[in-house]
1. Please give, to one decimal in nm, the separation of the simple spin-label points placed at Arg190 and Asp70, each 7 Å out from Cα toward the Cβ.
2. Between Lys48 and Lys142, what's the calculated FRET efficiency when r is the beta-carbon distance and R0 is 35 Å? Round to 0.05.
3. Please compute, over every Cα-Cα pair in the chain, the percentage with a separation greater than 24 angstrom.
4. Measuring from label point to label point, each 7 Å out along Cα→Cβ, what is the Asn132 to Ala41 span in nm?
5. Could you report the chain's accessible area per residue, 1.4 Å probe, as an integer in Å²?
6. What is the calculated FRET efficiency for Val114 to Thr171, with r their C-beta to C-beta distance and R₀ = 25 Å, to the nearest 0.05?
7. Pick from Val94, Val64, Val149 the residue whose mean-square fluctuation is largest in a GNM of the chain, springs joining Cα atoms under 10 Å.
8. Using the charge dipole of the chain (Lys, Arg: +1 at Cβ; Asp, Glu: -1 at Cβ; taken about the Cα centre), state which of Gly66, Thr125, Thr180 has its Cα farthest towards the positive end.
Amino acid sequence: MDIILLGPPGAGKGTQAGLLENKFGMVQLSTGDMLRAAVKAGTEVGLKAKALMDAGELVPDEVVSGIIGDKLDELGSDQGVIFDGYPRTATQAVSLDEILAERGRKLDHVIELVVDEDALVVRITGRFTCGNCGEGYHDTFKQPAKADVCDVCGSSDFKRRPDDNEETVRTRMTEYRAKTQPILPIYEERGIVTKIDGMGSMDDVSQAIEAVLAQN
Ligand code: AP5
(Lines give C-alpha, C1' and ligand atoms only; values in the text may rest on other atoms or scores of the structure.)
Protein backbone atom coordinates (compact mmCIF):
# COMPACT_ATOMS: atom_id res chain seq x y z
CA MET A 1 0.00 0.00 0.00
CA ASP A 2 1.34 3.46 -0.91
CA ILE A 3 0.02 6.49 0.97
CA ILE A 4 0.65 10.23 1.27
CA LEU A 5 0.58 11.98 4.65
CA LEU A 6 -0.31 15.59 3.94
CA GLY A 7 -0.37 18.48 6.41
CA PRO A 8 1.39 21.69 7.35
CA PRO A 9 4.70 21.82 9.23
CA GLY A 10 4.34 20.16 12.64
CA ALA A 11 1.07 18.42 11.77
CA GLY A 12 2.61 15.11 12.87
CA LYS A 13 3.48 13.58 9.48
CA GLY A 14 6.90 12.36 10.62
CA THR A 15 5.56 11.12 13.95
CA GLN A 16 2.78 9.10 12.33
CA ALA A 17 5.01 7.81 9.53
CA GLY A 18 7.41 6.47 12.17
CA LEU A 19 4.56 4.68 13.96
CA LEU A 20 3.36 3.12 10.69
CA GLU A 21 6.89 1.94 9.90
CA ASN A 22 7.17 0.24 13.29
CA LYS A 23 3.72 -1.31 13.20
CA PHE A 24 3.29 -2.35 9.58
CA GLY A 25 6.82 -2.43 8.16
CA MET A 26 6.01 0.32 5.68
CA VAL A 27 8.86 2.61 4.59
CA GLN A 28 8.77 6.36 5.30
CA LEU A 29 10.05 8.47 2.42
CA SER A 30 10.53 11.95 3.90
CA THR A 31 11.95 14.47 1.45
CA GLY A 32 12.77 16.73 4.42
CA ASP A 33 14.90 13.97 6.03
CA MET A 34 16.57 13.18 2.70
CA LEU A 35 17.39 16.85 2.10
CA ARG A 36 18.76 17.27 5.63
CA ALA A 37 20.97 14.20 5.06
CA ALA A 38 22.20 15.76 1.80
CA VAL A 39 22.96 19.06 3.57
CA LYS A 40 24.88 17.18 6.28
CA ALA A 41 26.84 15.21 3.68
CA GLY A 42 27.59 18.40 1.70
CA THR A 43 26.37 16.91 -1.61
CA GLU A 44 25.39 19.01 -4.63
CA VAL A 45 21.70 18.57 -3.71
CA GLY A 46 22.48 19.61 -0.13
CA LEU A 47 24.31 22.74 -1.25
CA LYS A 48 21.32 23.75 -3.43
CA ALA A 49 18.82 23.03 -0.65
CA LYS A 50 20.40 24.49 2.48
CA ALA A 51 19.65 28.22 2.13
CA LEU A 52 16.08 27.53 0.94
CA MET A 53 15.39 25.16 3.84
CA ASP A 54 16.84 27.59 6.39
CA ALA A 55 14.50 30.27 5.01
CA GLY A 56 11.48 27.93 5.08
CA GLU A 57 11.08 28.01 1.29
CA LEU A 58 10.60 25.04 -1.02
CA VAL A 59 13.48 23.30 -2.79
CA PRO A 60 13.08 23.07 -6.63
CA ASP A 61 10.61 20.41 -7.81
CA GLU A 62 13.09 18.53 -10.01
CA VAL A 63 15.50 18.08 -7.08
CA VAL A 64 12.96 16.44 -4.75
CA SER A 65 11.26 14.38 -7.47
CA GLY A 66 14.68 13.04 -8.50
CA ILE A 67 15.52 11.85 -5.00
CA ILE A 68 12.08 10.27 -4.52
CA GLY A 69 12.45 8.26 -7.75
CA ASP A 70 15.93 7.11 -6.73
CA LYS A 71 14.72 6.01 -3.28
CA LEU A 72 11.78 4.05 -4.72
CA ASP A 73 14.20 2.17 -6.98
CA GLU A 74 15.96 0.86 -3.85
CA LEU A 75 12.71 -0.73 -2.59
CA GLY A 76 10.91 -3.92 -3.58
CA SER A 77 7.70 -3.45 -5.59
CA ASP A 78 5.67 -5.01 -2.75
CA GLN A 79 7.12 -2.65 -0.13
CA GLY A 80 4.47 -0.19 1.08
CA VAL A 81 5.56 3.43 1.20
CA ILE A 82 4.51 6.50 3.21
CA PHE A 83 5.24 9.74 1.34
CA ASP A 84 5.96 12.32 4.07
CA GLY A 85 6.35 15.90 2.84
CA TYR A 86 6.06 14.96 -0.83
CA PRO A 87 4.39 16.00 -3.09
CA ARG A 88 4.26 19.67 -2.06
CA THR A 89 3.36 21.37 -5.37
CA ALA A 90 1.13 20.61 -8.36
CA THR A 91 4.26 19.87 -10.43
CA GLN A 92 5.45 17.36 -7.83
CA ALA A 93 1.99 15.73 -7.80
CA VAL A 94 2.23 15.18 -11.57
CA SER A 95 5.78 13.83 -11.18
CA LEU A 96 4.67 11.43 -8.45
CA ASP A 97 1.98 9.99 -10.72
CA GLU A 98 4.62 9.39 -13.40
CA ILE A 99 7.17 7.99 -10.94
CA LEU A 100 4.61 5.53 -9.54
CA ALA A 101 3.20 4.51 -12.94
CA GLU A 102 6.72 3.84 -14.31
CA ARG A 103 7.24 1.44 -11.41
CA GLY A 104 3.83 -0.26 -11.58
CA ARG A 105 2.68 1.33 -8.31
CA LYS A 106 -0.39 3.38 -7.38
CA LEU A 107 -1.55 5.60 -4.55
CA ASP A 108 -4.06 4.01 -2.20
CA HIS A 109 -4.72 6.84 0.25
CA VAL A 110 -4.00 10.50 0.85
CA ILE A 111 -4.42 11.31 4.54
CA GLU A 112 -4.75 14.98 5.38
CA LEU A 113 -3.92 15.90 8.98
CA VAL A 114 -6.18 18.84 9.83
CA VAL A 115 -4.62 21.07 12.48
CA ASP A 116 -4.66 24.46 14.17
CA GLU A 117 -1.68 26.50 12.94
CA ASP A 118 -1.03 28.43 16.17
CA ALA A 119 -0.77 25.18 18.10
CA LEU A 120 1.69 23.95 15.49
CA VAL A 121 4.12 26.76 16.25
CA VAL A 122 4.24 25.45 19.84
CA ARG A 123 4.73 21.91 18.60
CA ILE A 124 7.56 22.81 16.26
CA THR A 125 9.51 25.24 18.41
CA GLY A 126 9.51 22.64 21.24
CA ARG A 127 10.70 19.78 19.05
CA PHE A 128 14.09 18.08 19.36
CA THR A 129 15.59 14.76 18.29
CA CYS A 130 18.28 12.40 19.41
CA GLY A 131 21.35 13.18 17.31
CA ASN A 132 22.43 9.55 17.51
CA CYS A 133 19.32 7.48 16.65
CA GLY A 134 16.86 10.16 15.42
CA GLU A 135 14.14 9.49 18.03
CA GLY A 136 11.82 12.52 18.22
CA TYR A 137 10.95 14.39 21.45
CA HIS A 138 9.13 17.53 22.55
CA ASP A 139 9.76 19.92 25.46
CA THR A 140 6.15 19.52 26.61
CA PHE A 141 4.46 16.62 24.81
CA LYS A 142 7.15 13.93 24.74
CA GLN A 143 10.08 14.31 27.10
CA PRO A 144 12.66 11.55 27.56
CA ALA A 145 11.83 9.38 30.61
CA LYS A 146 15.17 10.41 32.13
CA ALA A 147 16.12 14.06 31.53
CA ASP A 148 18.74 14.53 28.79
CA VAL A 149 19.00 10.79 28.01
CA CYS A 150 17.45 9.25 24.89
CA ASP A 151 14.90 6.52 25.76
CA VAL A 152 15.94 4.46 22.77
CA CYS A 153 19.76 4.56 22.61
CA GLY A 154 20.90 6.28 25.83
CA SER A 155 22.66 9.14 24.01
CA SER A 156 22.67 12.68 25.44
CA ASP A 157 23.35 14.27 22.06
CA PHE A 158 20.08 16.08 21.28
CA LYS A 159 19.54 18.36 18.27
CA ARG A 160 17.10 21.07 17.15
CA ARG A 161 16.46 21.89 13.49
CA PRO A 162 17.73 25.28 12.27
CA ASP A 163 14.34 25.92 10.58
CA ASP A 164 12.35 25.29 13.77
CA ASN A 165 12.15 28.94 14.87
CA GLU A 166 8.88 30.89 14.83
CA GLU A 167 9.72 33.17 11.88
CA THR A 168 10.75 30.30 9.59
CA VAL A 169 7.79 28.18 10.71
CA ARG A 170 5.42 30.97 9.64
CA THR A 171 7.09 31.06 6.20
CA ARG A 172 6.80 27.25 5.92
CA MET A 173 3.09 27.53 6.73
CA THR A 174 2.60 30.23 4.11
CA GLU A 175 4.33 27.97 1.56
CA TYR A 176 2.03 25.11 2.59
CA ARG A 177 -1.13 27.18 2.16
CA ALA A 178 -0.01 28.67 -1.17
CA LYS A 179 1.53 25.64 -2.88
CA THR A 180 0.64 22.39 -1.12
CA GLN A 181 -2.96 22.72 0.04
CA PRO A 182 -4.09 23.49 -3.56
CA ILE A 183 -3.03 19.99 -4.69
CA LEU A 184 -5.65 18.28 -2.49
CA PRO A 185 -8.44 18.52 -5.12
CA ILE A 186 -6.32 16.38 -7.50
CA TYR A 187 -6.68 13.51 -5.05
CA GLU A 188 -10.21 14.39 -3.91
CA GLU A 189 -11.37 13.88 -7.50
CA ARG A 190 -9.97 10.35 -7.29
CA GLY A 191 -11.86 9.72 -4.03
CA ILE A 192 -8.75 8.77 -2.05
CA VAL A 193 -8.55 11.63 0.48
CA THR A 194 -9.44 11.19 4.15
CA LYS A 195 -9.29 14.12 6.55
CA ILE A 196 -8.17 13.29 10.07
CA ASP A 197 -8.17 15.54 13.13
CA GLY A 198 -4.45 15.99 13.75
CA MET A 199 -5.00 17.84 17.04
CA GLY A 200 -5.85 14.67 18.99
CA SER A 201 -3.27 12.71 20.96
CA MET A 202 -0.61 10.84 18.97
CA ASP A 203 -2.46 7.58 19.79
CA ASP A 204 -5.82 8.93 18.64
CA VAL A 205 -4.35 10.17 15.36
CA SER A 206 -2.58 6.87 14.86
CA GLN A 207 -5.78 4.88 15.44
CA ALA A 208 -7.67 7.07 12.98
CA ILE A 209 -5.00 6.47 10.32
CA GLU A 210 -5.01 2.72 10.95
CA ALA A 211 -8.80 2.69 10.48
CA VAL A 212 -8.32 4.25 7.03
CA LEU A 213 -5.66 1.70 6.06
CA ALA A 214 -7.91 -1.14 7.25
CA GLN A 215 -10.38 -0.22 4.49
CA ASN A 216 -8.12 -1.92 1.91
P1 AP5 B 1 10.02 18.74 6.28
O2 AP5 B 1 11.12 18.09 6.98
O3 AP5 B 1 9.10 17.92 5.45
O4 AP5 B 1 9.23 19.62 7.32
P5 AP5 B 1 7.68 20.01 7.46
O6 AP5 B 1 6.75 19.62 6.39
O7 AP5 B 1 7.76 21.46 7.74
O8 AP5 B 1 7.19 19.10 8.54
P9 AP5 B 1 7.82 18.83 9.92
O10 AP5 B 1 8.85 17.78 9.84
O11 AP5 B 1 8.22 20.13 10.56
O12 AP5 B 1 6.54 18.37 10.73
P13 AP5 B 1 5.77 17.00 10.80
O14 AP5 B 1 4.41 17.18 10.20
O15 AP5 B 1 6.59 15.85 10.32
O16 AP5 B 1 5.57 16.95 12.38
P17 AP5 B 1 6.27 16.02 13.47
O18 AP5 B 1 5.76 14.64 13.39
O19 AP5 B 1 7.76 16.22 13.48
O20 AP5 B 1 10.59 19.89 5.29
C21 AP5 B 1 11.59 20.79 5.73
C22 AP5 B 1 12.02 21.66 4.56
O23 AP5 B 1 12.60 20.84 3.51
C24 AP5 B 1 10.90 22.45 3.84
O25 AP5 B 1 10.63 23.67 4.49
C26 AP5 B 1 11.52 22.63 2.44
O27 AP5 B 1 12.49 23.65 2.43
C28 AP5 B 1 12.24 21.30 2.22
N29 AP5 B 1 11.39 20.28 1.56
C30 AP5 B 1 11.01 19.08 2.09
N31 AP5 B 1 10.23 18.39 1.21
C32 AP5 B 1 10.12 19.18 0.12
C33 AP5 B 1 9.42 19.05 -1.10
N34 AP5 B 1 8.67 17.95 -1.38
N35 AP5 B 1 9.51 20.05 -2.03
C36 AP5 B 1 10.26 21.15 -1.78
N37 AP5 B 1 10.94 21.36 -0.63
C38 AP5 B 1 10.86 20.38 0.32
O39 AP5 B 1 5.68 16.69 14.81
C40 AP5 B 1 6.06 17.97 15.24
C41 AP5 B 1 6.20 17.97 16.79
O42 AP5 B 1 4.92 17.79 17.37
C43 AP5 B 1 7.08 16.85 17.33
O44 AP5 B 1 7.80 17.35 18.43
C45 AP5 B 1 6.08 15.79 17.81
O46 AP5 B 1 6.60 15.07 18.93
C47 AP5 B 1 4.88 16.63 18.19
N48 AP5 B 1 3.63 15.95 17.86
C49 AP5 B 1 3.33 15.21 16.74
N50 AP5 B 1 2.07 14.76 16.80
C51 AP5 B 1 1.53 15.24 17.97
C52 AP5 B 1 0.25 15.13 18.61
N53 AP5 B 1 -0.76 14.43 18.04
N54 AP5 B 1 0.07 15.76 19.79
C55 AP5 B 1 1.10 16.49 20.37
N56 AP5 B 1 2.33 16.61 19.82
C57 AP5 B 1 2.54 16.00 18.65
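The values are calculated or read from the model by the stated rules, or taken from the named source; none is laboratory data. The model shown is predicted, which means the values in this text are computed figures rather than measured ones. All Cβ positions, even for glycine, are placed from backbone atoms using ideal geometry, and neighbour counts span all protein chains on display. The accessibility values were calculated without ligands, DNA or RNA, using every heavy atom of the protein model including side chains. Shrake-Rupley method; radii C 1.70, N 1.55, O 1.52, S 1.80 Å.
1. 2.5 nm
2. Details: r = 33 Å, r/R0 = 0.93.
Step by step, r from the Cβ atoms, then E = 0.60.
3. Values: 9724 of 23220 pairs.
Considering the chain, 42 percent of its Cα-Cα pairs are separated by more than 24 Å.
4. Those two pseudo-labels are separated by 2.4 nm.
5. Details: 10770 Å² over 216 residues.
Roughly 50 Å² per residue, with all protein chains present.
6. On the way: r = 21 Å, r/R0 = 0.84.
FRET efficiency, Val114 to Thr171: 0.75.
7. Largest GNM mean-square fluctuation: Val149.
8. The residue sitting most towards the positive pole is Thr125.
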